[in-house]
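This report concerns only the one structure given below.
The values are calculated or read from the model by the stated rules, or taken from the named source; none is laboratory data. This structure is a prediction, so every number in the text was calculated from the model and none was measured. When we count neighbours, we look across all protein chains shown, and the Cβ atoms used for this are built from the backbone with ideal geometry, even at glycine.
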Ligand SMILES: [Zn+2]
């Protein structure tokens with residue numbers, strides 16, 4: 001199968017910046033890039049093609065974006081977990097809803113989130129959650145998508161909504177091992193790099209007993225896969241860990257030799273400067289979900305600090321129930337804004353850098369940079385076309401500097417993405433998903449969300465979160 005796309009310009013992400021090339025074209029055979037560079041060079045190689053797209057009229061070609069941390073199934077609860085105190089978000093909004101989900105809700109929510117992500121330029125979907133084998137079968141493998149999948153392993157005795165906030169969470173050892181088995185099954189059935197890649201997902205140190213965490217780490221090392229874990233994610237976790245172990249999460253993980261290059265640590269917004277240093281020194285990879293943590297916790301995760309320490313990081317949109325969308329282009333803008341505020345420095349994380357975080361550096365962080373993240377011969381044909389004709393992206397100039405690189409980050413919404421290719425296969429063409437009917441996905445998500453909220457409503461209302469209080473006060 002051959003694919004030829006001729007563009008107005010391209011960002012290759014080669015070298016230390018964005019690797020911009022004017023009159024850029026790309027040619028892919030059997031999923032692998034054969035030529036990517038000036039149109040003249042590429043046309044010497046690309047004699048024929050099954051698929052041909054001519055986007056020389058302001059079509060910008062760039063690597064597909066890498067979203068390393070998403071909980072797609074939570075999209076079914078979009079707009080139901082908002083504007084509450086940090087301690088309430090999981091216990092009083094997410095848990096009372098998600099304990100009523102069944103497979104149909106999960107599938108409907110995930111598919112909605114996956115389409116949203118793809119249409120806004122994400123080609124590598126880093127999905128994290130329960131029932132991941134089901135989603136791998138019903139979405140990722142079925143539609144030929146690029147995914148990094150993590151089955152959640154948690155050992156909590158019951159839903160968080162049933163536990164008092166100042167009590168130590170009781171562990172259900174059997175449940176933890178059951179979920180570890182499900183994670184191993186996902187690995188055995190679906191780990192087929194580079195198309196589908198599996199990581200091991202102990203949810204967080206407060207949700208998994210230390211012994212189990214050590215066993216998971218051992219399995220990950222033996223099989224050369226990464227551990228994907230929420231680390232130092234705020235006050236709720238800190239209270240639990242201090243109470244149980246008398247020290248912080250990062251210090252415990254360091255002591256137990258779990259900090260290392262195969263750990264992908266999500267969030268880390270409760271890590272001190274000293275702890276970030278320890279993580280960077282141990283080559284821990286971070287995945288930062290800036291908007292999500294800002295919205296849920298009112299905190300800016302220390303991404304800029306970690307980068308200054310020489311740490312590697314990917315980006316993530318986390319979940320639509322607390323973010324509230326899966327568009328990485330929107331995320332890029334917020335990553336720059338929030339870190340400039342965090343560092344009180346308008347030069348913190350410039351536009352070119354955030355584009356690298358979402359592509360080549362994100363690929364390095366998840367261990368897939370041999371295949372993804374830049375446009376060069378031998379890598380997989382995962383790339384997108386951004387239509388620079390949109391009002392908000394203009395004027396578009398290449399001299400005296402390429403202003404469109406800044407416009408791409410600070411002026412885009414994500415809906416400027418016109419084409420999306422994975423392994424050289426067209427997944428979005430002219431803004432339309434090729435493999436499923438979008439309207440039916442939206443209809444199904446609405447039907448399933450209503451069904452879910454009908455089941456969860458009693459508990460969701462009874463637990464009396466701040467959101468419910470808004471309701472009683474007639475504010476929403
Ligand atoms: Zn998460």
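At-a-glance table
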quantity	calculated
Selection within segment 340-366 - over 14 Å from residue 303 (Cα atoms), in contact with a strand residue (DSSP E or B) (Cβ under 6 Å, 6 or more places away or on another chain) and part of a loop (DSSP other than H, G, I, E, B)	359, 366
All positions within segment 235-257 that are outside any helix (DSSP H, G or I) and surrounded by fewer than 20 Cβ atoms within 10 Å (Cβ to Cβ)	246, 247, 256, 257
Close pairs from segment 208-233: first in contact (Cβ under 8 Å) with a residue 24 or more places away in the chain, partner part of a loop (DSSP other than H, G, I, E, B) and within 16 Å of the ligand (Cβ to nearest atom), Cβ under 6 Å, at least 6 apart	231/268; 232/268; 232/270; 232/271
Tabulated pairs, segment 62-85, first over 23 Å from residue 428 (Cα atoms), second within 16 Å of the ligand (Cβ to nearest atom) and part of a strand (DSSP E or B), C-beta under 8 angstrom, 6+ apart or interchain	74/129
Residue, surrounded by the fewest Cβ atoms within 10 Å (Cβ to Cβ), within segment 266-280, restricted to residues that are closer than 15 Å to residue 365 by Cα and more than 16 Å from the ligand (Cβ to nearest atom)	280
Long-range neighbours under 6 Å by Cβ, at least six apart or interchain, first residue without any contact (Cβ under 8 Å) to a residue 60 or more places away in the chain and under 13 Å from residue 323 (Cβ atoms) within segment 281-292, second within 11 Å of the ligand (Cβ to nearest atom) and assigned to a loop (DSSP other than H, G, I, E, B)	291/323; 292/322; 292/323
Residue list for segment 209-233, restricted to those being in a loop (DSSP other than H, G, I, E, B), more than 16 Å from the ligand (Cβ to nearest atom) and more than 15 Å from residue 285 (Cβ to Cβ)	209, 223
Residues located in segment 430-454, provided they are part of a helix (DSSP H, G or I) and crowded, with 16+ Cβ neighbours inside 10 Å	441, 444, 445, 448, 449, 451, 452, 453
Every pair of residues 6+ apart whose Cβ atoms lie under 7 Å, when the first sits in segment 19-45 and is over 27 Å from residue 400 (Cβ atoms) while the second is surrounded by 21 or more Cβ atoms within 10 Å (Cβ to Cβ) and at pLDDT below 95	27/46; 35/46
Index of the failed condition, residue 183 passing every other in (1) assigned to a helix (DSSP H, G or I); (2) under 27 Å from residue 371 (Cβ atoms); (3) more than 16 Å from the ligand (Cβ to nearest atom); (4) under 23 Å from the mean Cα position of the chain (by Cα)	(3)
Identity of the residue in segment 40-92, assigned to a loop (DSSP other than H, G, I, E, B), in contact with a strand residue (DSSP E or B) (Cβ under 6 Å, 6 or more places away or on another chain) and modelled with pLDDT of 95 or more, that ends up nearest to the ligand (Cβ to nearest atom)	71
Among the residues listed as 357, 307, the single one being away from the ligand (no atom under 16 Å from the Cβ), over 18 Å from residue 71 (Cα atoms) and buried (at least 23 other Cβ atoms within 10 Å of the Cβ)	357
In segment 413-429, residue farthest from the chain's Cα centre (by Cα) [restricted to those that are part of a loop (DSSP other than H, G, I, E, B) and more than 15 Å from residue 327 (Cα to Cα)]	424
Among (1) closer than 24 Å to residue 459 by Cα; (2) surrounded by fewer than 21 Cβ atoms within 10 Å (Cβ to Cβ) - the single one residue 207 does not satisfy	(2)
Residues (away from the ligand (no atom under 16 Å from the Cβ), on the phi > 0 side of the Ramachandran plot and under 13 Å from the mean Cα position of the chain (by Cα)) located in segment 310-354	none
Qualifying position, being modelled with pLDDT of 95 or more and over 30 Å from residue 426 (Cα atoms), among 456, 445	456
Matching entry among 112, 168 (being more than 16 Å from the ligand (Cβ to nearest atom) and either part of a strand (DSSP E or B) or buried (at least 24 other Cβ atoms within 10 Å of the Cβ) (or both))	112
